[in-house]
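Read the figures in this text as sums done on the coordinates, not as results from a lab. Not measured: the values here are computed from a predicted model. As a convention, Cβ positions derive from the backbone with ideal geometry for all residues, glycine included, and neighbour counts pool all protein chains shown.
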Amino acid sequence: MEKLLTMSAKELSRLEVMQRLSEKRLTQKEAGEILSLSTRQVKRLLRKYRQAGASGLVSQRREKPSHNQLSAEVKQKGLDFLKGKYSGFGPTLACEKLVEIEGLKISDESVRQLMIAEGLWKAHKAHKLQVHQMRERRACFGELVQIDGSPHAWFEQRGPNCTLLVAIDDATGKLVELLFAGQESFHNYARLVRPYFERCGKPVAFYSDKHGIFRVNQANAGSGEALTQFGRAMQELKIEILCANSPQAKGRVERANQTLQDRLVKELRLRGISDMQSGNAYLPEFIADFNQRFAVPPRSLHDAHRPLTKLEDLAHILVWQEPRILSKNLTLQFKKVVYQIHTERPTYALHNARVTVCEDAAGQVSIFYKTKALEFTIFQKQAHQAEIVDTKDLDRALPIPPTPHKPGPNHPWRTHRLPPTGSP
């Protein structure tokens, strides 16, 4: 009985050419051109065909283990780490840790196949492709910086939920600054951008969503010339704010948020970090590693950042500022508190004067007339009134109901037995 021979399409093509070549219907040079082989290789194939027939053209490596396959020891070590220390990691990130920290020689595809075989990871189904207009990266570093806040369980169950404020350069994909904060607010965004300005200078523009921190969203806001506190600060620094119409428009920072919610959460878990203070101390190290892996060179070597001038005092600009008019008694009201101004000058000199009230992130209030700070005392505090809360901050404003305590299985309440009926 003849043996059934299995051949690939490539081997069948070689068989046909060798048959024609042995029948002298082709020259060795023509056969080499058809198979994209050298004349020497054609001679070798023809010799095998004459000695063993069609079976001589079948690859000798078929059904044999690969010389580059993983050893059983490496597979077992990899699985132990994937099921233990790196449980929940994706294939790419898990491979990086296995190679860089654990010293295993393994590829990301091998890790992926191991995880699929053990049921540790499942490939996601491809979503229906939504076509959006392509926008090319900006040419220069610092020409456009995308900013956004990402509320997430960054510390998983080890710590409270918080928001990560993200600033990423559009031209290079570099993370220029990260900050863990309780919520998106003007003071927290000021904390985000201040070290960035001091280190790199001022970018040309920020690209954000339509959050009330960046633009006035009230329909009755007049001609649209009103500015938010962040808008006012950026205007003083001559930095433009652009607002996107959709999340897809600022896709660079949205995709960065997705990557951070995977990679940064895992890195915080490995280091046992469970609070915002420790997380913020670790972020510079994470930013350096992230940029080394994912940043790309800009099309232009020109750095579009502009240096801070001597007149641009960030400590004064990046605070909450509101104008007030002093009364005849030199008093003003700010956030339900009445302040009394004290001055050695005649009171009529400051009557109806326009002053600026500044409040920093710690709640410290300063009052300036032109560039001079005024002395004051608190005259009266008004009763607390209803607070206007943005939709994004509603969860933070509402009190969290206490979780009812569940007694343990050995609690006396569980072990206490009622006396039998009728007993004294």
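Quick rundown of the values:
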{"read-out": "19 Å Cα-Cα threshold exceeded, pairs from 83/266; 24/48; 75/125; 174/250", "value": "75/125"}
{"read-out": "Local electrostatic count, residue 366, Cβ distance below 10 Å [Lys/Arg +1, Asp/Glu -1]", "value": "-2"}
{"read-out": "GNM top mover of 274, 66, 185 - the chain, alpha-carbon springs below 10 Å", "value": "66"}
{"read-out": "Those lysines that a straight Cα-Cα span of less than 20 Å connects to residue 335, excepting residues fewer than 8 apart in one chain", "value": "381"}
{"read-out": "Three-way shape label, the range 9-57, alpha-carbon gyration tensor, a/c 1.5", "value": "rounded"}
{"read-out": "Three-way shape call for the range 72-117 based on the alpha-carbon gyration tensor, with the a/c threshold at 1.5", "value": "rounded"}
{"read-out": "Mean Cα-pair separation over length for the chain, i.e. relative contact order, pairs under 8 Å, 6 or more apart, %", "value": "11"}
{"read-out": "Charge context of residue 351, other residues only, Cβ under 14 angstrom, K/R +1, D/E -1", "value": "+4"}
{"read-out": "Estimated 222 nm signal from helices in the chain, with DSSP H stretches of n ≥ 4 weighted -39500 (n - 2.57), rounded to 500", "value": "-10000 deg cm²/dmol"}
{"read-out": "Residues whose placed amide H lies under 5 Å from that of residue 138, excluding near-sequence neighbours", "value": "171"}
{"read-out": "For residue 142, net neighbour charge (Lys/Arg +1, Asp/Glu -1) across residues whose Cβ lies under 15 Å away", "value": "+2"}
{"read-out": "Extension gain (nm, one decimal) between residue 240 and residue 41, 0.36 nm per residue minus Cα-Cα", "value": "65.1 nm"}
{"read-out": "Ordering of 20-26, 98-104 by burial proxy (mean other Cβ atoms within 10 Å per residue, highest first)", "value": "98-104, 20-26"}
{"read-out": "Reachable aspartates and glutamates, given that their alpha-carbon falls under 12 Å from the alpha-carbon of residue 97 and they are not under 8 places away in the same chain", "value": "108, 267"}
{"read-out": "Packing-based ranking, highest mean first, of 72-83, 3-14 given that Cβ atoms within 10 Å are counted", "value": "72-83, 3-14"}
{"read-out": "Pairwise centroid distance, computed over Cα atoms, of the range 18-41 with the range 130-199, Å", "value": "62"}
{"read-out": "Gyration tensor (alpha-carbon) shape descriptor, the range 183-332, a/c threshold 1.5", "value": "prolate"}
{"read-out": "The range 320-334 residues near the modelled residue 379 label - backbone nitrogen below 15 Å, point 7 Å along Cα→Cβ", "value": "324-334"}
{"read-out": "Theoretical gain in end-to-end length, residue 204 to residue 7 [0.36 nm per residue, Cα-Cα removed]", "value": "64.7 nm"}
{"read-out": "Chain lengthening between residue 353 and residue 85 when straightened (0.36 nm per residue, less Cα-Cα)", "value": "90.0 nm"}
{"read-out": "Between 0 and 90°, nearest 10: helix 108-117 axis offset from the chain longest Cα axis", "value": "90"}
{"read-out": "Residue 302 paired with residue 343, simple spin-label distance in nm, labels 7 Å along Cα-to-beta-carbon", "value": "4.7"}
{"read-out": "Among 270, 374, 165: highest mean-square fluctuation, GNM of the chain, C-alpha pairs under 10 Å", "value": "374"}
{"read-out": "On Cα atoms only, tilt of 276-294 relative to the major axis of the chain in degrees", "value": "40"}
{"read-out": "For residue 106, distant residues with modelled amide H under 5 Å away", "value": "none"}
